[in-house]
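Asker: Pasting in a structure now, in structure tokens, and then I'll have a few things to ask.
Values quoted throughout were computed directly from the atomic coordinates according to the rules given, and no laboratory measurement underlies them. What you see is a predicted model; the values in this text were computed from it and never measured. So basically every Cβ, Gly included, is an ideal-geometry build from the backbone, and we count neighbours across all protein chains shown.
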Amino acid sequence: MPYPASDITPEQSIQIYVDGTHKRCTGCRQVRELEFFYDANLISKYGVLCTICKGPNYKSHRARKDKTKRQCNECSEIKPMSEFYDSGLKSKYGIKCKTCKGPGYSAKRARNNAFFSRKGRR
């Protein structure tokens, strides 16, 4: 795919890259000033896409997900994270709330874990 027409001559383009004041965007292929590539969330502080190509909905500009609440996969209610606590899981939080799991859930999981651990030894 050819690069779009630019008002910069090839000699100026070479000098711009040597000086390090400009960069070519991988999205629109335009040569832009370095400040268009600044992203505070990156380690190097400069990305490969210009801010024009990223736009307002790019992942680094999205609002962070609320980590204090979660939606239950069974009843679809939004509840606080304390309702999803499960000490038997590696992440410590499950996908079902305590109400939907019901009584005896931990005992059932313990039986299943014991059964499948014995089955693998045969």
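Asker: With r defined as the distance between the Cβ atoms of Asn73 and Lys108 and R0 fixed at 22 Å, what FRET efficiency is calculated, to the nearest 0.05?
Answerer: Plugging the Cβ-Cβ distance into 1/(1 + (r/R0)^6) gives 0.80.
Asker: Would you order Val31, Val48, Val18 from fewest to most other beta-carbon atoms within 10 Å of each residue's own beta-carbon?
Answerer: Neighbour counts put them in this order, fewest first: Val18, Val48, Val31.
Asker: Okay, moving on. Taking the number of other C-beta atoms within 10 Å as the exposure measure, put Glu11, Glu83, Glu74 in order starting with the fewest.
Answerer: Listing Glu11, Glu83, Glu74 from fewest to most nearby Cβ atoms yields Glu11, Glu74, Glu83.
Asker: I need the peptides 32-41, 87-96 ranked by packing, meaning the mean over residues of other C-beta atoms within 10 angstrom, with the highest value on top.
Answerer: Output ranking for 32-41, 87-96: 32-41, 87-96.
Asker: Give me the compactness ratio for the stretch 69-121, meaning the Cα radius of gyration over 2.2 N^0.38 Å.
Answerer: 1.29
Asker: Which translational diffusion coefficient, to the nearest whole µm²/s, is obtained for the stretch 10-61 from the Stokes-Einstein equation, given a Kirkwood hydrodynamic radius over C-alpha pairs, 4 °C and 1.567 mPa s? Show your work: numbers first, answer last.
Answerer: Working: Rh = 11.5 Å.
Estimated via Stokes-Einstein, D reaches 113 µm²/s.
Asker: Rounded to the nearest 0.05, what FRET efficiency is calculated for Tyr93 and Asn41 with R0 set to 30 Å and r the Cβ-Cβ distance?
Answerer: It comes out at approximately 0.75.
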